[in-house]
Amino acid sequence: MATVLTEPPSTANLIKQTKILIDNKWVDSVSGKSFETINPATGEVLAKVAEADAPDVELAVKAARKAFHAKSVWRRMSASERGKLLNRLADLIEANIEELATLESLDNGKPKHVARSADLPLVSACYRYYAGWADKIQGKTIPISGDYFCYTRHEPVGVVGQIIPWNFPLLMQAWKLAPALACGNTVVMKVAEQTPLSALRIGELIIEAGFPEGVVNILPGYGPTAGGAIARHMDVDKIAFTGSTEVGHLIMKASAESNLKRVTLELGGKSPNIVFADADMKEAVEGSHFALFFNQGQCCCAGSRVFVEEKVYDEFVERSTERAKRRTVGNPLERTTEQGPQVDNDQFEKVMGYVQSGKQEGAKLMCGGERVGDRGYFVAPTVFSDVKDEMKIAQEEIFGPVMSIMKFKDVDDLVERANKTIYGLAAAVWTRDIGKAHHIANNVRAGTVWINCYDVFDAGAPFGGFKQSGIGRELGEYGLQQYSEIKTVTVKL
């Protein structure tokens, strides 16, 4: 594993914006406070960013409400014009792809080449997908009894509060903004304090693209303060949140205790990744490696519970361990790096705590489990075998590069074990038997099931969870439903 960190490039000309975006104006926080955003590869400060709090949320909501109700500003703008603006934003993102990929890597720690080749193409594709939907959101004519003409309208919800996480900053911003804007809503978005820089740069591109004042407002800040103020605000009509299940409960409570906001949540996961003996072993090992270690293991849908059929268990463990040992950990700006650092010291300590728990509870540490290098927040790719269902590493979301491999014999018992969790975000199955594949897909309680693949995303395919992995869906036509109100109109003839 490569562990040498070259010095990062100067950020003097790269970081262009560190303020709050309200009403198309860049402003300091009302309190004058700021916070430091850290380069997780070095532990050094990248920039000081304005810290939004409740007074800033108040200003942003007022701007969004004004833009929503103003004649011909957004809601009443031609739907095709909204689509043109979303496409123009996608054009600007593609024109600035190198800069955005570098910002994402510096602030988040993910390898730059991954941000450029995976994250950013999905970002622009999401804006373009919903740009195409903007003028195709329509109701129905309904034949009802009597001499009446009945039809439905799909109208925007209003002012939408959106809170996004730090693991895929640009992509999560697109998943939230694109459908909301296509439907004609205005937005107050709280971006993660760990990774505000790329989101603020998108704010500059939003202004450059020509979006009207107040339509998109971007507030960097902390969850309990800025995020909590959005969730409690009486003039926010809906909230969309991606993050932990624990915070999802708080969002639901705040929404219920305020004005019964519409709520969509994309929360945690502990996804089963199932390998049958008849699978293509080379593909299953590599696919399972990607399913767990991609993005430093910081994926809500990571295949973090690997169930392997007894007949091939030892082979799978051996090959997966060797693959993890070959994983290149190091400078996220280097082209050869597969794995960068965890996003911050808190996440690093959390992952190391789970590693210690796995060892204490009797799981067999096959490789990794230690810090890499002497600065930054790097964790060696870690593989545990002989993991039991009741162990902490098999029950709780680690959100780091720790693979837990478990053995199974019986298919029916496997399904029961796979479903024995509070989560239901994703699952995968590796087999050459199409019957087995569909049996698993039909019986595992998860919002997404991949067959002989993992982490295949497209703007047209809905994503979201069962159980405590969330409420509602993002992406695809289903994603539009979360940002529309349905109105029934009946006319006497």
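Worth pointing out:
- Every condition in (1) basic (Lys, Arg); (2) in contact with a strand residue (DSSP E or B) (Cβ under 8 Å, 6 or more places away or on another chain); (3) over 17 Å from residue 272 (Cβ atoms) is met by residue 432 except one, and the failing one is (2).
- Hits in segment 350-369 (condition: more than 17 Å from residue 295 (Cα to Cα), open to solvent by 60 Å² or more (accessible area, probe 1.4 Å) and outside any strand (DSSP E or B)): 356, 359, 360, 361
- Identity of the residue in segment 415-426, in contact (Cβ under 8 Å) with a residue 12 or more places away in the chain and open to solvent by 60 Å² or more (accessible area, probe 1.4 Å), that ends up farthest from residue 362 (Cα to Cα): 422
- Exactly one residue out of 57, 73 is more than 30 Å from residue 378 (Cα to Cα) and in a helix (DSSP H, G or I): that is 57.
- Which numbered condition residue 273 misses (of (1) assigned to a helix (DSSP H, G or I); (2) within 26 Å of residue 453 (Cβ to Cβ); (3) among the polar types (S, T, N, Q)): (1)
- Only one of the numbered conditions (1) outside any helix (DSSP H, G or I); (2) in contact with a strand residue (DSSP E or B) (Cβ under 6 Å, 6 or more places away or on another chain) is not met by residue 461, and that is (2).
- Assessment of segment 396-414 against the conditions (open to solvent by 50 Å² or more (accessible area, probe 1.4 Å), part of a loop (DSSP other than H, G, I, E, B), among the charged types (D, E, K, R) and touching a helix residue (DSSP H, G or I) at 6+ places or on another chain (Cβ under 6 Å)) yields at least one matching residue.
- Filtered by the rule that a residue be over 21 Å from residue 424 (Cβ atoms) and of a type outside the set (Ser, Thr, Tyr), segment 376-387 gives 376, 378, 379, 380, 381, 383, 384, 386.
- Check on residue 119, of a type in the set (Asp, Glu), within 28 Å of residue 456 (Cβ to Cβ) and assigned to a helix (DSSP H, G or I): yes
- Among the residues examined, residue 436 qualifies as surrounded by fewer than 21 Cβ atoms within 10 Å (Cβ to Cβ) and either in a helix (DSSP H, G or I) or at pLDDT below 95 (or both).
- Here is the figure for segment 253-272: residues that are open to solvent by 10 Å² or more (accessible area, probe 1.4 Å), free of Cβ contacts under 8 Å to residues at least 40 places away in the same chain and not acidic (Asp, Glu) total 6.
- Considering 449, 456, 383, 429, the condition of being in a strand (DSSP E or B) and free of Cβ contacts under 8 Å to residues at least 24 places away in the same chain is satisfied by 449 alone.
The values are calculated or read from the model by the stated rules, or taken from the named source; none is laboratory data. If you're wondering where the values come from, they're calculated on a predicted model, not measured in any experiment. With ideal geometry, Cβ positions are generated from the backbone for all residues, glycine too; neighbour counts draw on all protein chains shown. With ligands, DNA and RNA removed, areas are computed over all heavy atoms of the protein, side chains included. Shrake-Rupley method; radii C 1.70, N 1.55, O 1.52, S 1.80 Å.
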